[in-house]
Amino acid sequence: MVEMALVAPLLVLLLGGIVIFGIGVFYQQQVTNAVREAARYAATHSTTAQYSVDSNRDPRDASGLPPDSYIYGGGDIPPTWARMTQAARDAVFGVDKSLIRISACWSGFWRINPDGTKVSASAFDALPPAGASPPDTAWFDCHMGGIDPKTNSSSIPCPPPSTTVSDDEGAAIPGNSVTVFGCYTWIPPLAGFLLLPDEITMRAVVTEVIHRQQ
């Protein structure tokens with residue numbers, strides 16, 4: 001009885017820790033899968049698609065494509081990206097889908113000066129000219145609330161901020177890329193007993209090249 005009394009609490013904590021760790025891994029996997037599906041949806045629903053996912057930048061300002069080529073998706077107004085978020089939430093199970101938070105931003109090329117600065121506010125979505133030397137075009141990664149999600153995702157709060165025009169470095173056109181950030185705030189059971197924090201924020205980031213669809 002004495003040995004049981006000494007060993008049982010440790011055994012229960014060990015088994016509970018294994019179960020809770022497994023749940024945490026499962027939830028992280030669901031968040032990653034949701035973000036992957038959101039990125040895939042955004043990449044294949046460019047401004048050439050019937051139901052498009054648009055960046056905050058007015059895509060009709062993008063160079064090289066006529067305004068009539070843009071078809072907006074059922075009244076979805078940036079920066080809500082309702083269809084992309086729904087695609088992400090439809091891909092998960094075993095998690096409260098309403099707590100999966102999604103945000104996205106668009107990266108692209110800019111014309112640059114010899115010192116590396118941008119030529120002007122309208123010189124974006126400019127593909128590098130063939131054989132240019134030195135190159136007069138550079139790639140700029142987008143941000144979320146001024147934070148680069150690909151290098152510093154842990155600094156992005158959950159829910160993430162809606163990206164602004166200044167966060168997007170390109171429009172939602174083929175050749176650019178979309179970066180999707182997703183997060184889920186989990187309250188683990190028995191947190192006080194297992195020395196876990198009261199809340200654990202799980203994050204995932206996926207970047208996809210935007211594709212053309214007719």
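Every number here is computed from the coordinates shown, using simple stated rules; none is lab data. Given the structure is predicted, the values throughout are model-derived calculations rather than measurements. Don't worry about glycine lacking a Cβ; one is built from the backbone with ideal geometry, like all the others, and counts go over all protein chains shown.
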Amide H of residue 145: which non-local residues (sequence gap of 5 or more, or other chain) have their own amide H closer than 5 Å, using H built in the peptide plane?
164
When 101, 111 are arranged by how many other beta-carbons sit within 10 Å of their Cβ, fewest first, they go 111, 101
The exposure ranking of 1, 144, fewest beta-carbon neighbours within 10 Å first, is 1, 144
Inter-site label distance for residue 3 and residue 86 at 7 Å from Cα along Cβ, in nm
6.2
So who's got an amide H within less than 5 Å of the one on residue 126, skipping anything under 5 residues away but keeping other chains? H placed 1.01 Å off N, in plane.
109, 110, 111
For region 145-214, which GluC sites (Glu not before Pro) are in a loop by DSSP, counting at most 15 other Cβ atoms within 10 Å?
199
